[in-house]
């Protein structure tokens, strides 16, 4: 297979494409024994030998994992800022270097997909593919009929309009309202900012699903591999939208 060198380094779990470019420019990468500094260089994964800092690479097997992120974990790998815990601590049993697809706020919980398949991750995140992400939000106060109708119509936020793909009221206990809604885009703090626009700040936020992948009975802080049928359904949903 012919592929760009920086992408191959990313597939092999060496570094992100940007960091891979830095490695190439610094002379840390060899193709068939020769240092290459040319960005955008293509390689043949079947015949070219790629060496990074003295180590010959072999591509990692593709791995697809879902995690139920608890609250008070950062959606990142490596050491968290101010000694905060990261999701990396929750996936110690995964030998491949998988990366979170998108983010969940520190104080939010729910479904995160992690993978070393960069192409799939890109499609999941790109609004073009319109893959819905379903959230369950408990918001302060009673969401009345008029407010609910305005929510259905969407809101103008500081970075553009935001209209849910779907929205429904799940429960109203007098002091708070639980609302389930979906967006196919992933702007920062989108759900929180959306509800704040209507004067109903979010008290608790859980991501329930990403496309056809649902959190189901997975317990907080636990992970599992996607099943073959789930992966097939996810790819089918992306192909249909694309």
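Bear in mind that the values in this text are calculations on the coordinates, not laboratory data. Note that the structure is a prediction, hence the values are computed from the model and not measured. FYI the Cβ positions are ideal-geometry reconstructions off the backbone, even for glycines, and counts take in every protein chain you see.
Select from 154, 211, 145 the residue whose mean-square fluctuation is largest in a Gaussian network model of the chain (Cα-Cα springs shorter than 10 Å).
Residue with maximal mean-square fluctuation among 154, 211, 145: 145.
What list of whole percents do you get for P(r) of region 155-242, with Cα-Cα distances grouped in 5 Å bins up to the one holding the largest distance?
Histogram of Cα-Cα distances, whole percents per bin: 3, 10, 19, 20, 18, 16, 10, 5, 1.
What is the order of 142, 202, fewest Cβ neighbours within 10 Å to most?
Numbers: 142 14, 202 22.
With the fewest neighbours first, 142, 202 line up as 142, 202.
What is the distance in Å between the Cα centroid of region 190-242 and that of region 96-152?
After rounding, the separation between the Cα centres reads 5 Å.
Return the single residue from 67, 205, 39 with maximal mean-square fluctuation; model: Gaussian network over the chain, springs between Cα atoms under 10 Å.
Highest fluctuation among the options: 39.
Mind running the shape call on the chain? Use the C-alpha gyration tensor, a ≥ b ≥ c as the square roots of the eigenvalues: rounded below 1.5 for a/c, prolate if a/b tops b/c, oblate otherwise.
Working: a/c = 2.33, a/b = 2.16, b/c = 1.08.
Prolate is the answer for the chain, as a/c is 1.5 or above and a/b outweighs b/c.
Run lengths n ≥ 4 of DSSP H only: what is the helix-derived mean residue ellipticity at 222 nm for the chain, with -39500 (n - 2.57) per run over all residues, to the nearest 500?
Values: 6 runs with 55 residues, N = 242.
That comes out to -6500 deg cm²/dmol.
Mind putting together the pair-distance distribution for region 24-121? All Cα pairs, 10 Å bins, whole percent per bin, short to long.
Answer for region 24-121: a P(r) of 14, 33, 27, 21, 5 percent.
Rounded to a whole number of µm²/s, how large is the Stokes-Einstein D of region 2-56 at 10 °C and 1.306 mPa s, given Rh as the Kirkwood radius over C-alpha pairs?
Details: Rh = 10.7 Å.
Estimated diffusion coefficient is 149 µm²/s.
Once the cut-off is 19 Å, how many percent of the Cα-Cα pairs in region 83-168 end up in the long-distance tail? Please report the intermediate quantities before stating the final value.
On the way: 2112 of 3655 pairs.
Percent of Cα pairs beyond 19 Å in region 83-168: 58.
In what sequence do 135, 129, 8 fall when counting other Cβ within 10 Å, fewest first? Working shown, then result.
Numbers: 135 26, 129 17, 8 23.
Ascending Cβ contact count within 10 Å gives the list 129, 8, 135.
Taking only C-alpha pairs under 8 Å that are 6+ residues apart, what is the relative contact order of the chain in percent? Before the final figure, lay out the partial values.
Working: 442 pairs, mean separation 46.5, N = 242.
Once divided by the residue count of the chain, the mean separation gives 19 percent.
In square nanometres and to one decimal, what's the mean projected area of the convex hull around the Cα atoms of region 45-94? Let's see the in-between values first.
Working: hull surface 21.9 nm².
That works out to 5.5 nm².
Report the residue, chosen from 149, 204, 46, that carries the largest GNM mean-square fluctuation when the chain is represented by alpha-carbon nodes joined by springs under 10 Å.
Comparing 149, 204, 46 in a Gaussian network model of the chain, the most mobile one is 46.
Quick one: if you stick a label point 7 Å off each Cα along the C-beta vector at residue 106 and residue 62, how many nm between them?
A separation of 3.5 nm, rounded to one decimal place.
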